[in-house]
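Colleague: The structure follows.
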Amino acid sequence: MEAISEMNEESNVQATDETESEIIIHDADAEDRAARAVETDEAADDEVAPSGPRSMAELMSVIEALVFVSEDPLPAKTIAEVLDEERGYVEMALEELAKEFNERNGGLLLREVAGGWQIATRPEYHEHVRAFLKSRPSAKLSLAALETLAVIAYKQPITIPEIMEIRGVQSPSAIKTLLDKRLIVAKGRKEAIGRPMMYGTSKEFLLQFGLKDLTELPNVEDFEDLASGAG
């Protein structure tokens, strides 16, 4: 009987141990934290991984597209900001792109104009382009406006009385025309009696004549022929 009793006690102890081992204690806070961790991992997996650094070829292609759609010459600084690229890397790509245009020897080239980059027609084809533009009806600059613009371009900053002295005639209407076309802008007042306004050429002037800066101004003799296609 004692043996049977001991066996029963051992069975009860084993049953108790098994029952205790099967008991699971639930921690609600821990489960919530685990669930949030899983959701975060899944959300991270769903996000699109950021693209790596652009290759030079890709950067050149993107820059070409931006310059093409831009109405004004596009500075390297602006391109770098838009593309979130180092300015030096962008300038290198621009130089390579310009080289590629030149080596292709096509009708277009990429050149630096008025502080930015622009796709323009090749100089050797300007006569053909000018002939085409002349065939279209457009508002041309008058001879008086052309002469006034030439005086301002080569003598800037210059006042209206000084322009009159050079041309020998008054130029108020020509000045107004050039201001309306944004080819000239006010450059402040001269420290003289009456403090007359001084005028100079504008960024639009550089654009119209395809000049990088004023150091590229043509000879005076060639100016009128060049201007005939820019009106």
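The values are calculated or read from the model by the stated rules, or taken from the named source; none is laboratory data. Quick caveat: nothing in here was measured; it's all calculated off a predicted structure. Counting neighbours? That spans all protein chains shown, and the Cβs are built from the backbone with ideal geometry, glycine included. Side chains included, ligands, DNA and RNA excluded: accessible areas come from the protein's heavy atoms. Shrake-Rupley method; radii C 1.70, N 1.55, O 1.52, S 1.80 Å.
Colleague: Checking the cross-link filter: which lysines have an alpha carbon closer than 30 Å to that of Lys181, excluding same-chain neighbours under 8 positions apart?
Modeller: Correct list for Lys181: Lys77, Lys134, Lys140, Lys155, Lys190, Lys203, Lys212.
Colleague: Could you pull out every residue, at least 5 positions away or on a different chain, whose amide H is within less than 5 Å of the one on Arg189? Hs are placed 1.01 Å off N in the peptide plane, and Pro or chain starts have none.
Modeller: When sequence neighbours closer than 5 places are left aside, the close amide H contacts are Met198.
Colleague: Just to confirm, what accessible area per residue do you get for the stretch 69-125 at 1.4 Å probe, in whole Å²? Show your work: numbers first, answer last.
Modeller: Working: 3330 Å² over 57 residues.
For the stretch 69-125, the per-residue accessible area is 58 Å².
Colleague: Next question, about the same structure. Work out how much length Lys140 to Asp213 would gain on full extension: take 0.36 nm times their residue separation and subtract the Cα-Cα distance, in nm to one decimal.
Modeller: 24.0 nm
Colleague: In whole Hz and in residue order, list the ³J(HN,Hα) couplings for the stretch 53-66 that follow from phi through the Karplus curve 6.51 cos²θ - 1.76 cosθ + 1.60, θ = phi - 60°; x for Gly and Pro.
Modeller: Calculated HN-Hα couplings, in order: x, 6, 6, 4, 5, 5, 4, 4, 5, 5, 4, 4, 5, 5 Hz.
Colleague: If packing is taken as the average number of other Cβ atoms within 10 Å across a peptide's residues, how do 194-202, 164-172 rank, most packed first?
Modeller: On the way: 194-202: 16.7, 164-172: 13.3.
Peptide ranking by packing, descending: 194-202, 164-172.
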